[in-house]
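The values are calculated or read from the model by the stated rules, or taken from the named source; none is laboratory data. None of these values were measured; they are calculated from a predicted model. Note that we place each Cβ from the backbone using ideal geometry, even for glycine, and neighbour counts take in every protein chain shown.
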Amino acid sequence: MQRTPIIIVIILTLFFSLNLSPSYSADDKNVMAQENKTGAYKIGSGDILEIVTWKEPDFSREEILVRLDGKITFPLLGDVQAEGQTPLQLKADIENKLKSYVESPGVTVIVKNPLSQKFYILGEVARTGEYQLVKKLSVLQAFALAGGFTEWASKKEIILFRHEDGKEKIIRINYKNIIKGEDFSQNILIKADDTIIVP
């Protein structure tokens, strides 16, 4: 008699674990794999998203903030992880979860304001501070944005701090070698959350 409740608990646990696991179609998986290879835009904390579900205004939102924990709140779905996903990956995730409420949901995810894409320049430049990363930007272009160097700047010992793959990475930049044409490889592209220090 006591085995019945245990069996029911096991069955319910299996049922919910199977239903909560995302089941992407082959097309979805191909798109997501391709996006990872091509370096598509990754949603970050602070971004403002617009999410539209076709013919379903109750499941559409004009402005959704990606919170500091990397999640958004969506009707009926509760908290959904957004940070670290591309817009197409988030679209596939929401569509998959909405299938319990909407037949064949069609979702569009738009990054209205990419506020998470920022970098920082400190030290001996004319204008230190936080800068919006709205396009591809090289190190030389970043210095131009910051108004150039002060007269005390050590242009051979510039340091760029980057958080990549869960680790802090230090990249040393010799500005003089770049402008002399001796080492263009140091004129790297800026990434979100990079911090450049000019001693």
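General observations
Condition check ((1) of a type outside the set (D, E); (2) surrounded by 12 or more Cβ atoms within 10 Å (Cβ to Cβ); (3) outside the structural domain of I94 (by TED's automatic domain parsing); (4) at pLDDT 95 or above) across all residues:
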{"residue": "E124", "(1), (2), (3), (4)": "no, yes, yes, yes"}
{"residue": "T128", "(1), (2), (3), (4)": "yes, yes, yes, yes"}
{"residue": "K136", "(1), (2), (3), (4)": "yes, no, yes, no"}
{"residue": "E151", "(1), (2), (3), (4)": "no, no, yes, no"}
{"residue": "L160", "(1), (2), (3), (4)": "yes, yes, yes, yes"}
{"residue": "E168", "(1), (2), (3), (4)": "no, no, yes, no"}
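- Flag for L90 being farther than 30 Å from D183 by Cα and modelled with pLDDT under 95: no
- The stretch 57-76 residues that are in the same structural domain as G44 (by TED's automatic domain parsing) and in contact (Cβ under 8 Å) with a residue 24 or more places away in the chain, paired with ones that are loosely packed, with under 12 Cβ neighbours inside 10 Å and part of a helix (DSSP H, G or I) (beta carbon under 9 Å, 6 or more apart): L76/D58
- Qualifying residues in the stretch 77-99 (those that are touching a Lys or Arg at 6+ places or on another chain (Cβ under 8 Å) and without any contact (Cβ under 8 Å) to a residue 40 or more places away in the chain) - the one surrounded by the most Cβ atoms within 10 Å (Cβ to Cβ): A82
- If you go through the stretch 150-176 and keep only what is touching a residue at least 12 places away in the same chain (Cβ under 8 Å) and more than 17 Å from T195 (Cβ to Cβ), you end up with T150, W152, K155, K156, N174, K176.
- Check on I197, in contact with a helix residue (DSSP H, G or I) (Cβ under 9 Å, 6 or more places away or on another chain), of a type in the set (V, I, T) and modelled with pLDDT of 95 or more: no
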